[in-house]
Amino acid sequence: MINIAVIGVGSMGQNHARVLFNSDHSKLVAIADTNTEQAHRIARKYNTKAYTSYKEMLEKEQIDAISIATPTKFHKDCALHAISLKKHVLIEKPIAANEQDAQEIINAAQKNKVLVMIGHIERFNAAIIELKKRLNAGELGDIYKIEVDRIGPFPERITDVGVITDLSVHDIDIINYLTGAKLKRIYAETQQRLHPAYEDSVTALLTYDNGMLGVLNINYLSPTKVRQISIFGKRGMFKVNYLTQELFFYENKSFGATDWNSVSEGDIKIINVPKKEPLQAELEHFLNAIEKKQQVLVTGEDGLYALQIAQLIQRSAQEKKVLTL
């Protein structure tokens, strides 16, 4: 049983507290939030202790690990303090506000020999897990292009970062995880329509070393929420709906014919995927890695890489030019 605490119980942190409270592998010993009323409300709900200072919480409680779900700008300080006390740490994505902060977290974890896992939750989506297996088995053949739509209403709680840092890191990480391809060029355009300080829309074109293209359509401007990824390849197209955890395969009927070097419409297959809450799967993986002293699926280095690419997307948009890596 892992004694664990949550720092930051806003929108996402509440869900961390819920899952950890209900887990058979953890004991939620405390939560911390600077909002006194919120801290006590969540603590009462999950029969645990409330603190307004995470440092006081870490000093007074017997804690093995923490889950950090604060705004991004606080990730570094919270993580470094916990790591200095030899606590294992899960950090909600993105790993930190900038590359330097992220590297400090990684270095501190290595020095103190504790686990750091980054909450790139889409890796634990059941449809992505199944898709990964099928891509690894060669069911799509050569991958030509990946298109991502991650759009929805403007979340007013997100004030310290824009849509690139907040959302694009999900899809940068997933493309890297699914394909292992190395990024070669980036071009991006952004808009700022609703967000008071940062971009709230980005369209980015990513070119990889194997010729694969990635197209990111990400914004806070849509009145409806869409989370999907389409992967085009020699044998057809896979499509994942992240929200419903559905996986579809659209067959290229021409593949395997005498002249298969073409595309025609074939069968559409709905692939059965046993559904599970991605956050529950993510936190169970983290707890299991601690118990068994194993490497986590999403390392600090993975989080750093996603952040680095996100910042290059930001730079491309600001400088209005193609960036070559």
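Taking H as built 1.01 Å from N, whose amide H comes closer than 5 Å to the amide H of LYS184, not counting residues under 5 places away?
THR207, TYR208, ASP209
May I have the extent of the alpha carbons of segment 140-266 along their three principal axes, as whole Å values ordered from largest to smallest?
57, 31, 22
In terms of Cα to Cα distance under 23 Å, which lysines are near enough to LYS76, apart from those fewer than 8 places away along the same chain?
Within the straight-line limit of under 23 Å, LYS76 reaches these lysines: LYS55, LYS60, LYS86, LYS87, LYS93, LYS111, LYS113.
Pick from LEU194, LEU131, LEU297: which is most flexible by mean-square fluctuation in a GNM of the chain where alpha carbon atoms under 10 Å apart are linked?
In this elastic network of the chain, the residue with the biggest mean-square fluctuation among LEU194, LEU131, LEU297 is LEU194.
Could you give the longest part of the chain that holds none of the trypsin sites (Lys or Arg not before Pro) found in DSSP loops with at most 16 neighbouring Cβ atoms within 10 Å? It would help to have the intermediate numbers written out before the result.
Details: sites that count: LYS86, LYS113, ARG157, LYS182, ARG193, LYS225, LYS234, LYS253, LYS275, LYS276, LYS293, LYS320, LYS321.
The answer is 1-85.
Could you run the Karplus curve 6.51 cos²θ - 1.76 cosθ + 1.60 with θ = phi - 60° over segment 141-154 and give me ³J(HN,Hα) per residue in whole Hz, x for Gly and Pro?
x, 4, 8, 8, 7, 10, 10, 10, 10, 9, 10, x, x, 5
Would you list, by chain and number, the lysines whose Cα falls below 19 Å from the Cα of LYS275, excluding same-chain residues fewer than 8 positions away?
Counting by Cα, and skipping residues close in sequence, LYS275 has these lysines nearby: LYS132, LYS133, LYS239.
In whole Hz and in residue order, list the ³J(HN,Hα) couplings for segment 222-233 that follow from phi through the Karplus curve 6.51 cos²θ - 1.76 cosθ + 1.60, θ = phi - 60°; x for Gly and Pro.
8, x, 10, 8, 10, 9, 8, 9, 10, 10, 9, x
Rounded if a/c is under 1.5, else prolate if a/b is larger than b/c, else oblate: which is segment 192-276, with a ≥ b ≥ c the root eigenvalues of its Cα gyration tensor?
On the way: a/c = 3.09, a/b = 1.65, b/c = 1.87.
Oblate.
Which one, GLU189, GLU284, GLU59, has the greatest fluctuation when you compute a Gaussian network model over the chain with C-alpha springs under 10 angstrom?
Most flexible of the set in this elastic network: GLU59.
So what is the diffusion coefficient of segment 2-114 in µm² per second by Stokes-Einstein at 4 °C and 1.567 mPa s, using a Kirkwood Rh over Cα pairs? Provide the component values of the computation, followed by the final result.
Working: Rh = 13.8 Å.
This corresponds to a translational diffusion coefficient of 94 µm²/s.
Could you name the aspartates and glutamates in cross-link range of LYS292, using Cα to Cα under 15 Å and dropping any fewer than eight places away on the same chain?
ASP64, GLU284
Which whole-number value in Å³ per residue fits the convex hull of the alpha carbons of the chain?
Details: hull volume 45.6 nm³, N = 325.
It is 140 Å³ per residue.
On a C-alpha basis, how far is the centre of segment 61-111 from the centre of segment 186-264 in Å? Whole number, if you could?
31
Given a cut-off of under 8 Å on Cα pairs at least six residues apart, what relative contact order in percent is computed for segment 2-114?
Working: 210 pairs, mean separation 27.1, N = 113.
Reported relative contact order: 24 percent.
Where the only charges are on Cβ atoms (+1 Lys, Arg; -1 Asp, Glu), what is the dipole of segment 39-99 about its Cα centre, to the nearest 20 debye?
Numbers: 11 positive and 7 negative charges, 53 e Å.
The dipole magnitude comes to about 260 debye.
Length gain on complete extension for the stretch MET1 to SER262, per 0.36 nm per residue less the alpha carbon to alpha carbon distance? Don't jump to the answer; show the numbers that get you there.
Values: separation 261, 0.36 × 261 = 93.96 nm, distance 5.53 nm.
Here the answer is 88.4 nm.
Percentage of Cα-Cα pair distances in segment 243-325 greater than 18 Å, rounded to whole percent?
Values: 2438 of 3403 pairs.
More than 18 Å apart: 72 percent of the Cα pairs in segment 243-325.
No value in this document is a laboratory result; all are computed from the given coordinates. Note that the structure is a prediction, hence the values are computed from the model and not measured. Counting neighbours? That spans all protein chains shown, and the Cβs are built from the backbone with ideal geometry, glycine included.
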